[in-house]
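To start, the structure under review is shown below, and the notes come after it.
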Amino acid sequence: MKIFGLVGWSGSGKTTLLVKLLPELIDRGFSVSTMKHTHHNVDIDRPGKDSFEHRRAGASEVLITGAKRWALLHENRDGAEPSMDELLARLSEVDLVLIEGFKAHRHHKLEVFRPAVGKPMLAADDPTIVAVASDADLGDIGRPVIDLDDVNAVADFVVGHCRLKAKVRNGAA
């Protein structure tokens, strides 16, 4: 299972790029999952729902399932946040996992950089950033710069960099 990340400052357009990139990669025949890191307290449950009450009552994990999807809620309680590698081990096997965030992890990443955000480029100090997608001409920065609005070019880069093998679908490669 290959992993590749998207990083950048808040407001740079990481999520926007990711939701455009996903269907492009899937249309090319790849199975893709995502992982997103947040600094906020995540809660996909609501008070009054049975699963929320199970967690509040002390369950370590609550698995919610239905005909269309299932979710596993795990309480860290006073434990440390799991590492990215521990979380990846819980995912089903796919061709590619796109990771939004996890700036400090040592996987290869594409930085989404917009000068208008007013923050410095992360790539200048991070050798794990192997390319930059931007809406501006950045000149020669020592790594590929891809037009942020060219999703096909971003997909081409990810496929090539991760050495993903094209799949045969409906008799065509």
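Every number in this text was worked out from the coordinates using simple rules, so none of it is lab data. Just so it is clear, the model here is predicted, and its values are computed rather than measured. Cβ sites come from the backbone with ideal geometry, for glycine too, and all protein chains shown count toward neighbours.
Values computed for the structure shown
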{"read-out": "For residue 146, distant residues with modelled amide H under 5 Å away", "value": "132, 133, 134"}
{"read-out": "Debye, to nearest 20: dipole size of region 41-157, +1 on Lys, Arg Cβ, -1 on Asp, Glu Cβ", "value": "500"}
{"read-out": "Dipole of the chain [Lys/Arg +1, Asp/Glu -1 at C-beta], most positive-end residue of 60, 79, 112", "value": "60"}
{"read-out": "Dipole of region 59-173, positive direction: furthest Cα of 155, 70, 144, with charges on the beta-carbon", "value": "70"}
{"read-out": "The chain, relative contact order in percent, only Cα pairs under 8 angstrom and at least six apart counted", "value": "33"}
{"read-out": "Tilt relative to the chain, helix 151-162 - C-alpha long axis, 0 to 90 degrees, to 10", "value": "80"}
{"read-out": "Tally of Lys pairs whose C-alpha atoms are under 18 Å apart, taken over the chain, 8 or more apart or cross-chain", "value": "15"}
{"read-out": "DSSP beta bridges in the chain [antiparallel fraction, %, rounded to 5]", "value": "20"}
{"read-out": "Between 0 and 90°, nearest 10: helix 14-27 axis offset from the chain longest Cα axis", "value": "90"}
